[in-house]
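Derivation of every value follows stated rules applied to the coordinates shown; laboratory data play no part. Fair warning: this is a prediction, and the values are worked out from it, not measured in the lab. Please note: Cβ atoms are built from the backbone with ideal geometry, for glycine as well, and neighbour counts cover all protein chains shown.
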Amino acid sequence: MLIKSAKYIISSPGYEKCPPPDRAEYAFIGRSNVGKSSLINMLCNNEKLAKTSSAPGKTQLLNHFMVNNEWYLVDLPGYGFAKVSQRSRRRWEQMIENYLRKRDNLTMVFVLIDARHSPQKIDLEFLEQLKVWQIPFCLVFTKSDKENQRTVSKNVKDFLEAMKKTWQFLPQHFVTSAIKRTGKDKLLDFIEETNNSL
């Protein structure tokens with residue numbers, strides 16, 4: 001898929017305020033500081049599209065971007081939140097849950113996993129929640145350039161092995177680097193194939 005245009009549309013405090021559900025929608029979510037904004041900017045060929053920050057928890061709303069005037073890319077707040085109050089955290093969690101469960105045109109959720117680390121409990125628990133809600137997802141391992149390839153391969157393998165304890169079928173996964181642009185074509189091709197099958 002060739003990205004000809006990607007533009008910011010709106011930031012919404014809840015799924016009811018999102019744009020009309022009239023086209024396919026792909027949501028990106030992961031732990032705070034997993035490199036989500038960098039990945040989105042890399043996919044869309046626009047360094048300034050999603051705001052990157054060194055402070056985790058920058059994204060606090062549902063951010064919609066229109067790609068090629070054909071589909072929506074949605075930047076969701078992270079889980080395993082930054083230093084915020086319990087009340088703010090619960091509000092975020094409720095906003096994310098409502099969006100994931102009630103957004104009619106949500107086609108796929110890309111769950112970002114930091115490839116530098118061994119399997120993290122918080123990521124595995126989030127995937128279990130998606131299973132309960134019956135929401136389709138893929139895994140995107142990020143920051144693969146920040147570690148040697150042997151470590152990255154081991155972390156990816158270990159994560160999938162950890163999933164096998166509770167999952168009968170494993171989801172599709174991608175290994176990416178926003179710096180080296182690794183995985184970009186595979187991810188975009190997957191989105192294009194999915195769009196074509198709708």
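Here's the list of aspartates and glutamates a cross-link from Lys17 could span, going by alpha-carbon distance under 17 Å and ignoring same-chain residues fewer than 8 apart: Glu25, Asp75, Glu93, Glu97, Asp104.
Under the combined filter of DSSP loop state and at most 11 neighbouring Cβ atoms within 10 Å, segment 77-181 retains these chymotrypsin sites (Phe, Trp or Tyr not before Pro): Phe169.
For Lys121, the aspartates and glutamates whose Cα falls under 16 Å of its own Cα, not counting residues fewer than eight places away in the same chain, are Asp158, Glu161. For the chain, a simple Cβ point-charge model (Lys and Arg +1, Asp and Glu -1, everything else neutral) yields a dipole of about 720 debye relative to the Cα centre. Near Ser177, once Lys and Arg are set to +1 and Asp and Glu to -1 for all other residues with Cβ below 14 Å from its Cβ, the sum equals +4. The Cβ shell under 14 Å around His117 holds other residues with a net charge of +3, Lys and Arg each +1, Asp and Glu each -1. Checked against a 19 Å cut-off, the cross-linked pairs Lys36/Lys186; Lys7/Lys36; Lys154/Lys184; Lys131/Lys165; Lys102/Lys186; Lys36/Lys146 give Cα-Cα distances beyond that limit for Lys154/Lys184; Lys102/Lys186. Taking every DSSP helix (H) stretch of at least 4 residues in the chain, weighting each as -39,500 (n - 2.57) and dividing the sum by the residue count yields a mean residue ellipticity at 222 nm of -11000 deg cm²/dmol.
Calculate how many DSSP beta bridges within the chain are antiparallel, expressed in % of all such bridges and rounded to the nearest 5. Rounded to the nearest five, the antiparallel share is 40 percent.
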